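For reference, the structure is listed below as structure tokens.
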Amino acid sequence: NHLTLNSIAHRLSVSSSLLAHSFKKETGKTIIEYKTNCQIKEACNLLQITDMSILDISFATGFSTASYFSETFKKELGISPKEYRSKIHN
């Protein structure tokens with residue numbers, strides 16, 4: 001669940017610097033940016049299709065705290081998870 005640059009590089013038998021450089025070259029994003037983007041997309045999906053609490057969604061999508069999840073969500077989308085859920089249900 002906790003993918004890191006080093007753990008991925010180890011599994012692929014490459015250096016972490018080579019992996020980081022190659023990943024950014026191919027995707028235009030760092031591995032962390034890509035992972036965060038995936039987490040936020042999954043959170044948006046859960047906010048749309050479930051009535052899970054924001055706390056539960058934050059943990060289900062791999063964030064360590066609800067406050068960090070909310071801060072990251074707002075930074076990425078410009079609105080809070082609660083505001084996002086209200087907009088999609090109205």
Which residues, counting only those in region 37-90, are under 25 Å from F23 (Cβ atoms), in contact with an Asp or Glu (Cβ under 9 Å, 6 or more places away or on another chain) and loosely packed, with under 14 Cβ neighbours inside 10 Å?
-> N37
Filtering region 1-25 down to residues that are within 19 Å of the chain's Cα centre (by Cα) and either outside any helix (DSSP H, G or I) or basic (K, R) (or both) yields N1, H2, L3, T4, K24
Is it true that some residue in region 48-64 is within 19 Å of L77 (Cα to Cα), assigned to a helix (DSSP H, G or I) and in contact with a Lys or Arg (Cβ under 9 Å, 6 or more places away or on another chain)?
-> yes
Restricting region 17-36 to residues that are among the hydroxyl-bearing types (S, T, Y) and touching a Ser or Thr at 6+ places or on another chain (Cβ under 9 Å), the one surrounded by the most Cβ atoms within 10 Å (Cβ to Cβ) turns out to be T36
Identify the residue in region 26-39 that is part of a helix (DSSP H, G or I) and in contact with a helix residue (DSSP H, G or I) (Cβ under 7 Å, 6 or more places away or on another chain) and, among all such residues, is farthest from S58 (Cα to Cα).
-> T27
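None of the figures in this text is laboratory data; all of them are computed from the coordinates on show. No experiment lies behind these values; they were computed from the predicted model shown. Virtual Cβ from ideal backbone geometry, glycine too; neighbours counted across all protein chains shown.
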